[in-house]
Amino acid sequence: MSALETALAAWRSALGEAHVVTEPEALAAAETATFATTQRIPAILRPANTAEVQACLRIAQEHRVPVYPVSAGRNWGYGSRVPPRDGCVLMELGRMNRILGYDEKLAYLTVEPGVTFRQAHAWLRAQGSRLFITSIGGSPDASMVGNALERGDGRGPHADIFQHVCGLEVVLPTGERLETGHARFPGARAAPVFRWGVGPSLDGLFSQSSLGVVTRMTFWLARKQPYFREFFCSVDEDAQLWERVDRLQALALDGTLRSSFFFWNDIKALSVTQQYPYAAVGGRTPLPTWALEQFREGFGRWAISGALHAPDEDMGAVLERRLTTALEGLSRPLHLSPPPPDGESPFQGVPTDANLAMAYWRKRTPRPEEPHPDRDRCGFIWCSVALPFTGEEAQRAVGMAERVPRLFGFEPNLALLAHSPRCLYLVVAISFDRDGRGEDDRALACYRALARELSTAGYYPTRLGLQAEGDALPSADDSAVILRRLKQALDPAGILAPGRYEPGSPEKDSE
Ligand SMILES: Cc1cc2nc3c(=O)[nH]c(=O)nc-3n(C[C@H](O)[C@H](O)[C@H](O)COP(=O)(O)OP(=O)(O)OC[C@H]3O[C@@H](n4cnc5c(N)ncnc54)[C@H](O)[C@@H]3O)c2cc1C
């Protein structure tokens, strides 16, 4: 028997026949992302608990069969469930979907990796909780843990999601188990509320990494505030935008804006409201300027959106005044929505799939009731980089992100996200139709050109997907060697997610 066949027999006896999937249809679905990939997956493992994850990894190590873990596997735009290397067995953690801990006063929730944003939101509502999770623009059925491990970005006061987690339980590729922070001490009372513990802090080692499988995580939540208003404002000219970026950064730093806020360009806004108007433009792509200008008449060139939170109406009124002053001078006034019933809003934890519409922008078939971009052959690639939070830096990076997609026949779909008072994310979406001839190749070429131009200018990625495979980031220090040494120490057989966030080969670095 081959090593794989022996391992499959061992996994079947550890998990039960039903949880080692080898049906061709299921494998083909797991091998499909929102851009072209060639990796094949020989089987899918579905462990139900930490002990089963340990057993799976011990078997993988013994037989030297690589395993790629995902939680809900909705990493759309970054490679979905497809492993970085051919022949990896997929480990899906969706069955581990228990909520393990919750405290209303101390505002935390401890979950397994299969817990989705939709599930956590519904669960908190059922408790009558005033707490809320950070919601994302991606699928409500994405995993909170998978998202946090990728250092995802969300809406609300905890936009930097990984900044608000602690107490990880991790299974190492050897099958050993470790817990981070105080969680490693028996009976530790402060494990879910104190991140650092004693000694080296290990949490970061397991995010954007191939060093362990995370089987539990505690999320610190925010509490709904008595005063809450969503705001929206549009900007007609680029020139007016950069100054507003600086003014809003100042409001983030002084605490007026404590929740995330966003700057969306016209194309991004258009792509969530409708699909590409093929008929109106005679089938031409990319979108002609006149068609975009028609849309801008109602919308503007950029939209700024976010939310204000305060412990009472008086403080809320002060925040409103400060925000109104910062946005003065625009042709369209700041709009503040009335408070939503029971404070239910995407800025207060309500998951929504509204933004998934942008993955269907270039499709010629209508967007289905239940979007699933892998299944529907949507073409979608993210390119996300970090910038210092200034209007000048935003202008420079946006200039590149506006130009490069057009060279490849795509519309620039851009967002600037206030990730913290110091850091902005520039997030570019390349949206295309995988059924269009040559589109897969053109979109990947576009991604590579854009990522290269941005990194040459000093704007490096916030996270990587399969689209970045083979493009080793340059390093100016010894980090590549040290990261390789860490991988060797924790994963001596090299069986966990080979190629995922691993630095390039030594030869490549010295080229
Ligand atoms: C239109 C659209 C909008 C989006 N908006 C956002 C957004 O606002 N914010 C955002 O962050 N993302 C966004 N995304 C990207 C993506 O959909 C989300 O990041 C989503 O949360 C990732 O899927 P998941 O949570 O199911 O993670 P998974 O796919 O389960 O995991 C992601 C990766 O993390 C690793 N991993 C997962 N689980 C484990 C584990 N237990 N142990 C070790 N490693 C693990 C693996 O490398 C895996 O590939 C968007 C995508 C689309 C298409």
Q. Tell me, what % of the accessible area of segment 151-197 is carbon and sulfur with a 1.4 angstrom probe?
A. 50
Q: Figure the gain on full extension for A36 and R130 (residue separation times 0.36 nm, minus the Cα-Cα span) and round it to one decimal in nm.
A: 29.5 nm
Q: Take the alpha carbon atoms of segment 351-380, find their center, do the same for segment 47-77, and report the distance between the two centers in whole angstrom.
A: 29
Q) For the chain, what is the accessible area per residue in Å², given a 1.4 Å probe and the full set of protein chains? A) 42
Q) Roughly speaking, what is the stretch gain from V318 to T365, that is 0.36 nm per residue apart minus the C-alpha to C-alpha distance, in nm to one decimal? A) 12.2 nm
Q.
Using helices alone, I'd like the mean residue ellipticity at 222 nm for the chain: each DSSP H run of four-plus residues gives -39500 (n - 2.57), total over residue count, nearest 500.
A. -9000 deg cm²/dmol
Q.
Testing the spin-label approximation: label points 7 Å from Cα along Cα→Cβ at T273 and H372. State their distance in nm.
A. 3.1
Q) R0 = 22 Å: FRET efficiency of R189 with K224, Cβ-based, nearest 0.05? A) 0.25
Q: Net charge near P492: determine it from the other residues with C-beta under 14 Å of the C-beta of P492, scoring Lys and Arg +1 and Asp and Glu -1.
A: +2
Q) Hey, what angle do you get for helix 50-63 against the long axis of the chain, alpha-carbon based, 0 to 90 degrees rounded to 10? A) 60
**Q.** Amide H within-cut-off set for G349, under 5 Å, with H built and near neighbours excluded
**A.** S135
Q. Amide H to amide H under 5 Å from R367: which residues, 5+ apart in sequence or cross-chain, H placed 1.01 Å off N in plane?
A. none
Q | Calculated FRET efficiency for the pair E176/R332, C-beta based, R₀ 51 Å, to 0.05 | A | 0.30
Q. Of the accessible area of segment 36-146, with the probe set at 1.4 angstrom, what percent is carbon plus sulfur?
A. 44
Q | Pairwise Cα inverse-distance average, inverted: Kirkwood Rh of segment 229-461 (Å) | A | 18.7
Q: Give, rounded to the nearest 20 debye, the magnitude of the charge dipole that the chain has about its Cα centre when Lys and Arg contribute +1 at Cβ and Asp and Glu contribute -1 at Cβ.
A: 480
Q) For the chain, what is the largest minus smallest coordinate of the Cα atoms on each principal axis, given in angstrom and ordered from greatest to least? A) 71, 56, 48
Q.
Taking θ = phi - 60°, what integer Hz values does the Karplus form 6.51 cos²θ - 1.76 cosθ + 1.60 yield along segment 86-98, in sequence order, with x for Gly and Pro?
A. 5, x, 7, 7, 8, 10, 9, 9, x, 6, 8, 10, 8
**Q.** Local electrostatic count, G181, Cβ distance below 13 Å [Lys/Arg +1, Asp/Glu -1]
**A.** +1
**Q.** 5 angstrom amide H check on C423, placed H, neighbours 5+ away
**A.** F389
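The values are calculated or read from the model by the stated rules, or taken from the named source; none is laboratory data. Remember, it's a predicted structure, so these values are computed and weren't measured experimentally. For neighbour counting, all protein chains shown are included, and Cβ atoms are generated from backbone atoms with ideal geometry for every residue, glycine included. For accessibility, only protein heavy atoms count, side chains too; no ligands or nucleic acids. Shrake-Rupley method; radii C 1.70, N 1.55, O 1.52, S 1.80 Å.
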